[in-house]
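Please read the structure below before turning to the comments.
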Amino acid sequence: MTKLLSEISKNQRVGYILPKTDIPQLSIESIYHKNILAESDRQIPELSEVDVIRHFTELSKKNFGVDLGFYPLGSCTMKYNPKINEETAKFDGFLNIHPLQDESTIQGILELQYKLLKSLSEITGMKWGTLQPFAGAHGEFVGMKLFKAYFNAKGEKRTKLLVPDSAHGTNPASAHIAGFEVVEIKSDENGLVSIDEVKKHVGSDLAGLMLTNPNTLGLFEKNIIEIAKIVHDAGGLLYYDGANFNAILGKVRPGDMNFDVVHLNLHKTFSTPHGGGGPGSGPIMVNEKLIPFLPVPDIVFENNSYMLSYNKPQSIGRVSGFYGNIAVMVRAYTYILTMGQKGLNEVSEKAVLNANYLRVKLSKLIKIAYDTICKHEFVLTGKEIKEKYGVSTLDIAKRMLDYGVHPPTIYFPLIVPEALMIEPTETESKETLDYFVSIIESIIKDINENPEILHNAPNNTPIKRLDEVKAAKEPKLKW
Ligand SMILES: *Cc1c(COP(=O)(O)O)cnc(C)c1O
């Protein structure tokens, strides 16, 4: 069992011996208000450098990451993140600048942001955008605020926002927080948005529709042009959840499908490390009619220099303290430049090929929810296994940890019972995909021969099965 730093602390042990200082020493209590630090926390662990290095190296070995193994977490695009992205993110001129510096001294990062927006405009088929949002969900919220501002400017009161039942939970949440009334649209028997369902809600109170494409079942919304037309004809706006852009990069563009706003998840599609809640970047890109409402500051190129412009009278205002998650932008732009147009095209081709390869192999082992050609991901259902053997999807997912891979997303999308949502991404080799298939074969064998081993899984990880409800309700944040 790994000990805490405070447990291995030794009085007076130091990592560095510093030259004598002529500045008077202050006690920690004199710097922090006494209420900030609990009595027991006032002791800062005293350790040598090697103690610290061993502690954190040991902890890092207990973790799982995409640099360690296969990570087919559906909807999250856990692709390999090329290390060249880290090199550029570390450039002095990006790492050591301050947001309050004069614009003339941060031309490099402003140029990068400007050119990134240009690239994303081209990739999405939109006119312009903002890099400020810190995540996809934040982008959705900003997009919804743009919808509001647009209708306010037109003097229209539109309240209803349509969201398909297969949507990511952030969609209805963002629409709701922005003040819309969320109306759920049922999927049809093929897992797609039903045109008839959309038509039912058309009226003068319709604000718009949020659509994820390909949707969270990994299926391309075939009727997207028709759906877009119905909503536009009714005076509504269209929001494209672009979290699944990895499936369509270089193939189709939301702008060409007549969408008004699209968010991208730079941390998913454009290869920047993410997980455990961050870091992220969820730029939104818009068409002509929503440009006036974009957040300030805008990044402009005038008189041969890049500048931050606040000259936007109809803007919804600021949506981030400064300019968003700069380091993620540097990584994403590096990725776009190193891949080039041809490379980005191949990303989606290989992501889709890999997903379909796995889909065909795995659907022979576990039932697939919608048995049709998919885009970047597909969803299996463990319903029959659960009914027949009493082994749940959670048990199957936990057992995968014993075999050294990260489990897929489970119990999402909500419309598939006992869902296992698998997204292999383009960066995995055929050998890795075949290895994953062999793991599922072994697990099916386990289910038949020794279901107990699944109920107890994971059996050989540093931490065993957690009581997830208790962990969420009674988190142990302190020792
Ligand atoms: C990941 C995801 C989101 C939310 O993005 P975050 O960056 O996690 O906030 C929204 N929609 C879909 C379909 C997603 O996969």
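A few remarks follow.
- The residue of the range 250-277 that is farthest from the ligand (Cβ to nearest atom), among those that are closer than 19 Å to Glu377 by Cβ and surrounded by fewer than 24 Cβ atoms within 10 Å (Cβ to Cβ), is Gly250.
- Considering residues of the range 214-239 that are buried (at least 23 other Cβ atoms within 10 Å of the Cβ) and without any contact (Cβ under 8 Å) to a residue 40 or more places away in the chain only, the residue nearest to the ligand (Cβ to nearest atom): Leu238
- The residues in the range 186-206 that are more than 15 Å from the ligand (Cβ to nearest atom) and either over 30 Å from Asp371 (Cβ atoms) or assigned to a strand (DSSP E or B) (or both) can be counted, and the count is 5.
- Listed by first and then second residue, the pairs with beta-carbon distance under 7 Å, at least 6 apart or on different chains, first residue in the range 294-311 and farther than 13 Å from Gln132 by Cα, second buried (at least 19 other Cβ atoms within 10 Å of the Cβ) and of a type in the set (Val, Ile, Thr), are Tyr306/Ile299.
- Evaluating His176 against the criteria (1) in contact (Cβ under 8 Å) with a residue 24 or more places away in the chain; (2) more than 30 Å from Pro99 (Cα to Cα); (3) more than 13 Å from the ligand (Cβ to nearest atom) leaves one unmet condition, (1).
- Test set (1) within 16 Å of the ligand (Cβ to nearest atom); (2) surrounded by fewer than 23 Cβ atoms within 10 Å (Cβ to Cβ); (3) of a type outside the set (Val, Ile, Thr) - Leu68 fails condition number: (1)
- Any hit, the range 293-300, residues being touching a helix residue (DSSP H, G or I) at 6+ places or on another chain (Cβ under 6 Å), farther than 27 Å from Leu344 by Cα, in the same structural domain as Leu237 (by TED's automatic domain parsing) and away from the ligand (no atom under 14 Å from the Cβ): yes
- Any chance Ala243 is within 13 Å of the ligand (Cβ to nearest atom), in a helix (DSSP H, G or I), at pLDDT 95 or above and not polar (S, T, N, Q): yes
- Some residue of the range 319-336 being touching a helix residue (DSSP H, G or I) at 6+ places or on another chain (Cβ under 8 Å), in the same structural domain as Phe436 (by TED's automatic domain parsing), in contact (Cβ under 8 Å) with a residue 12 or more places away in the chain and surrounded by fewer than 19 Cβ atoms within 10 Å (Cβ to Cβ): no
The values are calculated or read from the model by the stated rules, or taken from the named source; none is laboratory data. If you're wondering where the values come from, they're calculated on a predicted model, not measured in any experiment. In this analysis, Cβ positions are derived from the backbone assuming ideal geometry, glycine residues included, and neighbour counts consider all displayed protein chains.
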